[in-house]
Amino acid sequence: MGRLPAWIGICWMLLLATACGSSDDASDDSYAVVQTAAFTFNETDPSLNEIHVLANTGWQVFWTPEAEGVAVDPSAGVGNGSFRVTDMPAGQTLRFAVRTATGKSIEQYVTVTRAAESSGGEEDEGDNDNDEEEIPLGETLFRLDFGPERSSWVWANQDTGWQTQSGSGAATVRYETYNVQIASPYGSSGRYEGASGGSYARMYEDPSTDYFVIRDITLPAAQTAYTLSFGAIFPAGDMRLEVSADSRNWTPLTYTGAAAYNTWTRVVVGFTLTRAVERLNIRFVPTGVDREYGLNFDDIVLTAGGGGQTVDPGSTPVADDYRFPELPSNWTAPLGNAAEISGDYAFFTHWTRSVNSNRVIRNFSYCYDTRRHNPVWVAYPLHAVYLEGGYGRTSPDPWVPDPVLDESLQSKIYRSDGVNGSDPYVYWSTNTMYALGLRGSWTKGHLCMSRERGGANREINRQTFYPTNIAPQPNASAGTFGEVWGCVESLISGSDDRSNDIPADDNASNRNIVADTLFVVAGCHYAHEEWAEYDSSNYNEPTVDPNRKSCVMPTHQFKVLLRTRSGQTGRRVQECSADELQSIGFWVETFTRIDASSASSALRAVAVPVSTIERQTGLTLFPEVPASVKEQCNPSDWGF
């Protein structure tokens with residue numbers, strides 16, 4: 001069997017994660033990565049077992065899982081090149097990759113399967129190799145027909161009427177979409193066997209922004225063979241079709257699409273997992289081909305049985321043990337693509353892509369209090385790669401629930417009927433303020449700022465509008481919190497205020513966003529459980545939302561910062577001495593009255609050592625940093 005044509009050119013740029021997006025947060029720009037592919041070991045033509053490498057440094061081949069009887073040629077190289085798999089055990093599937101001489105690797109692999117040795121019996125003669133492995137088609141696990149005809153199209157991320165999924169594994173399904181329309185004219189009705197007609201999905205060509213993802217289809221225990229089908233009007237070269245068990249490692253499926261564009265065709269593709277998993281994700285991503293009528297698809301069906309090309313769903317091994325420096329010590333890593341629940345806390349890291357360079361980068365990690373329905377902390381890096389989109393903010397504000405956490409656990413501060421809907425219940429009540437004799441209301445405050453993840457209509461910006469990143473903050477009628485907090489934000493990421501007296505913020509560059517990366521944790525402290533408000537509120541409405549729930553409001557908010565002194569050591573934080581690091585914290589009362597007419601004076605009034613905030617909150621912040629670093633509080637180090 002020949003190599004599966006899995007390579008899409010832009011995948012290189014998507015996965016060339018550098019200091020702030022890979023497991024190395026220093027300014028080491030060296031990289032080595034294999035060209036993504038999946039193929040069956042060819043017994044007769046060695047050239048078909050070749051794997052290509054893109055690198056700007058020396059590299060060495062490795063594979064997982066470790067196995068005897070594996071041979072590659074060459075086993076190492078320098079710069080762009082290739083190697084061949086010359087031998088591997090029969091009946092096994094291995095993943096091949098490369099790492100640099102310093103041990104750094106990028107999470108990108110080539111999956112190679114070698115068929116089991118044939119017994120040579122008469123029953124094998126004349127049979128297709130796949131036929132004897134095939135499992136008869138069984139139950140339907142997932143079916144989506146996008147619903148009945150519509151009078152006009154809608155955006156998929158602003159409407160749920162198209163979510164008509166059925167099947168034994170559909171109850172757990174959720175969707176992530178961007179720039180996808182649900183439409184009806186010129187649909188699939190009568191165009192192929194089993195076509196539902198009605199509505200269908202329409203995508204466009206931009207691979208940097210557009211996607212349609214089906215998450216968490218529940219799979220039968222011990223099942224590994226599956227068949228996926230869908231209707232499409234596009235050839236295979238127009239759309240990447242990928243599957244994943246963990247939403248981090250995606251395997252492309254090879255399929256035969258429409259023979260000619262704008263011809264509805266039923267596509268059928270079989271695949272076999274190398275091991276059984278509980279959940280499966282399916283993703284459609286355009287390749288960049290511009291088509292007049294869009295990239296339309298319909299009738300997505302996943303069925304148990306069939307089988308075909310090999311898919312390795314295993315979790316990605318890492319080159320070494322590495323912890324992001326900004327993560328507090330109570331961080332609990334999720335095991336899949338849903339938030340990890342531990343007691344009253346939910347944990348998750350949202351990943352995204354940079355606006356121009358298309359690097360895969362972490363956006364922010366969080367610890368969210370599912371009892372108080374508000375954040376404990378949000379941790380994130382700041383680096384030039386995050387600023388590629390300028391200060392661009394998505395419009396209208398894309399307030400939506402965090403898709404990886406049960407909506408009932410989040411503050412309901414978004415429209416239940418979509419960003420452009422009419423649901424008015426999108427605020428917190430104001431009972432606490434009035435009980436304290438104050439006037440005002442609560443605003444929605446980004447912990448990782450929208451401007452720190454600039455990029456209008458891009459995922460990097462839209463993710464910051466999830467409730468898991470939003471803290472209740474009082475408006476100006478209730479105190480000066482917003483002004484003081486704004487000074488802290490200006491120090492960290494700049495502002496539009498050319499007249500403030502913060503030397504670090506000159507409105508052109510910020511001396512604290514350094515090549516080595518600035519690490520930030522922003523969070524909330526809850527000293528009074530009786531400070532409770534209702535979410536899903538609007539005091540202008542004559543009635544209340546019966547589904548509103550109580551949320552505990554923060555009594556204090558904080559930000560802590562960590563960076564290297566020089567900003568360009570080229571090393572990880574864990575490799576730096578205490579003398580090479582600097583940190584500081586800011587502790588702000590919710591209803592503060594500090595005069596913020598001088599930004600520097602306001603900052604000095606709320607600046608404290610990181611260790612002080614640790615004692616107040618019980619958190620251990622920057623846990624891999626020496627204690628002496630966290631005792632620092634030197635405003636001049638930070639430019640105020």
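Quick check on E176: is it closer than 23 Å to T287 by Cα, open to solvent by 40 Å² or more (accessible area, probe 1.4 Å) and in contact with a strand residue (DSSP E or B) (Cβ under 9 Å, 6 or more places away or on another chain)? Full working, then the answer.
Values: closer than 23 Å to T287 by Cα: yes; open to solvent by 40 Å² or more (accessible area, probe 1.4 Å): no; in contact with a strand residue (DSSP E or B) (Cβ under 9 Å, 6 or more places away or on another chain): yes.
Criteria not met by E176.
When you scan region 32-76 for strands (runs of 3 or more DSSP E) that lie fully inside it, which ones turn up with 3 or more residues that are under 28 Å from the mean Cα position of the chain (by Cα) and under 21 Å from D312 (Cβ atoms)?
By residue number, 32-34, 37-40, 50-55, 58-64.
Each row is one residue, and each column tells you yes or no for (1) over 25 Å from N475 (Cβ atoms); (2) touching a strand residue (DSSP E or B) at 6+ places or on another chain (Cβ under 6 Å).
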position: S583; (1), (2): yes, yes
position: V588; (1), (2): no, yes
position: A602; (1), (2): no, no
position: E614; (1), (2): yes, no
position: L621; (1), (2): yes, yes
position: A627; (1), (2): yes, no
position: K630; (1), (2): yes, yes
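So is G194 closer than 21 Å to A236 by Cβ, of a type in the set (G, A, S) and either out of contact with any strand residue (DSSP E or B) (no Cβ under 9 Å at 6 or more places or on another chain) or surrounded by fewer than 16 Cβ atoms within 10 Å (Cβ to Cβ) (or both) or not?
Answer is yes for this residue.
Of the residues E193, E205, only one is in a loop (DSSP other than H, G, I, E, B), closer than 23 Å to N461 by Cβ and touching a residue at least 12 places away in the same chain (Cβ under 8 Å); which?
On the way: E193 fails: closer than 23 Å to N461 by Cβ.
Only one candidate passes the filter, namely E205.
Quick check: anything in region 590-609 within 29 Å of the chain's Cα centre (by Cα) and modelled with pLDDT of 95 or more?
There is no residue in region 590-609 that is within 29 Å of the chain's Cα centre (by Cα) and modelled with pLDDT of 95 or more.
Mind checking whether some residue in region 415-424 is of a type in the set (A, V, I, L, M, F, W, C) and at pLDDT 95 or above?
So in region 415-424, the residues of a type in the set (A, V, I, L, M, F, W, C) come out as 419.
Within this subset, residues satisfying the condition of being at pLDDT 95 or above are none.
So far as region 415-424 goes, no, none of its residues is of a type in the set (A, V, I, L, M, F, W, C) and at pLDDT 95 or above.
Yes/no matrix, rows are residues, columns are (1) open to solvent by less than 40 Å² (accessible area, probe 1.4 Å); (2) of a type in the set (D, E); (3) touching a strand residue (DSSP E or B) at 6+ places or on another chain (Cβ under 8 Å); (4) at pLDDT 80 or above:
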| residue | (1), (2), (3), (4) |
| --- | --- |
| V61 | yes, no, yes, yes |
| G77 | yes, no, yes, yes |
| G81 | yes, no, yes, yes |
| D87 | no, yes, yes, yes |
| G91 | no, no, no, no |
| R99 | no, no, yes, yes |
| I106 | yes, no, yes, no |
| E123 | no, yes, no, no |
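Among the residues of region 253-302 satisfying the criterion of being in contact with a Gly (Cβ under 8 Å, 6 or more places away or on another chain) and of a type in the set (S, T, Y), which is nearest to P235 (Cα to Cα)?
T265
Whether any residue in region 502-520 is closer than 28 Å to R593 by Cβ, at pLDDT 95 or above and under 30 Å from the mean Cα position of the chain (by Cα) is what I want to check.
Yes; the residues of region 502-520 include at least one that is closer than 28 Å to R593 by Cβ, at pLDDT 95 or above and under 30 Å from the mean Cα position of the chain (by Cα).
Condition first: touching a strand residue (DSSP E or B) at 6+ places or on another chain (Cβ under 6 Å), at pLDDT 95 or above, aliphatic (A, V, I, L, M) and open to solvent by less than 10 Å² (accessible area, probe 1.4 Å). Can you find one or more residues in region 523-541 that meet it?
Looking for residues that are touching a strand residue (DSSP E or B) at 6+ places or on another chain (Cβ under 6 Å), at pLDDT 95 or above, aliphatic (A, V, I, L, M) and open to solvent by less than 10 Å² (accessible area, probe 1.4 Å), one finds none in region 523-541, hence no.
Can you run down the residue pairs with Cβ atoms below 6 Å, 6 or more apart or on separate chains, where the first is in region 594-622 and without any contact (Cβ under 8 Å) to a residue 60 or more places away in the chain and the partner is open to solvent by 30 Å² or more (accessible area, probe 1.4 Å) and among the aromatic types (F, W, Y)?
Qualifying pairs under 6 Å: V608/W587; I613/W587.
State whether one or more residues within region 250-261 are under 18 Å from Y175 (Cα atoms) and touching a residue at least 12 places away in the same chain (Cβ under 8 Å).
Yes, the conditions are met somewhere in region 250-261.
Confirm whether A338 is at pLDDT 95 or above and either farther than 23 Å from R548 by Cβ or assigned to a loop (DSSP other than H, G, I, E, B) (or both).
It is false that A338 is at pLDDT 95 or above and either farther than 23 Å from R548 by Cβ or assigned to a loop (DSSP other than H, G, I, E, B) (or both).
Can you say whether S168 is more than 25 Å from P398 (Cβ to Cβ), open to solvent by 60 Å² or more (accessible area, probe 1.4 Å), out of contact with any Pro (no Cβ under 6 Å at 6 or more places or on another chain) and not aliphatic (A, V, I, L, M), as far as the supplied structure shows?
yes
May I ask you to list the residues in region 341-358 that are surrounded by fewer than 17 Cβ atoms within 10 Å (Cβ to Cβ) and not in a strand (DSSP E or B)?
G343, D344, N356, S357 - these are the residues of region 341-358 that are surrounded by fewer than 17 Cβ atoms within 10 Å (Cβ to Cβ) and not in a strand (DSSP E or B).
Could we say that G482 is farther than 30 Å from D210 by Cβ and in contact with a helix residue (DSSP H, G or I) (Cβ under 9 Å, 6 or more places away or on another chain) here?
For G482, the condition - farther than 30 Å from D210 by Cβ and in contact with a helix residue (DSSP H, G or I) (Cβ under 9 Å, 6 or more places away or on another chain) - is met.
Do you know which residues across region 142-168 are touching a residue at least 60 places away in the same chain (Cβ under 8 Å) and within 18 Å of N281 (Cβ to Cβ)?
Result: F142, R143, L144, N157, G167.
In region 274-303, what residues are assigned to a strand (DSSP E or B), closer than 20 Å to T172 by Cα and of a type outside the set (D, E, K, R)?
The answer is L280, N281, I282, F284, I300, V301, L302, T303.
From the list D216, D238, D210, exactly one residue is touching a residue at least 12 places away in the same chain (Cβ under 8 Å), touching a Phe, Trp or Tyr at 6+ places or on another chain (Cβ under 9 Å) and buried (at least 19 other Cβ atoms within 10 Å of the Cβ). Which is it?
D238 is the lone residue from the list that is touching a residue at least 12 places away in the same chain (Cβ under 8 Å), touching a Phe, Trp or Tyr at 6+ places or on another chain (Cβ under 9 Å) and buried (at least 19 other Cβ atoms within 10 Å of the Cβ).
Can you tell me which residue within region 241-271, out of those that are open to solvent by less than 40 Å² (accessible area, probe 1.4 Å) and among the polar types (S, T, N, Q), is modelled with the highest pLDDT?
Looking at the filtered set, the residue picked out is T265.
The values are calculated or read from the model by the stated rules, or taken from the named source; none is laboratory data. This is a predicted model, so every value here is computed, not measured. Note that each Cβ is placed from the backbone with ideal geometry, even for glycine, and that neighbours are counted across all protein chains shown. We work out accessible area using only protein heavy atoms, side chains counted, and drop any ligands, DNA or RNA first. Shrake-Rupley method; radii C 1.70, N 1.55, O 1.52, S 1.80 Å.
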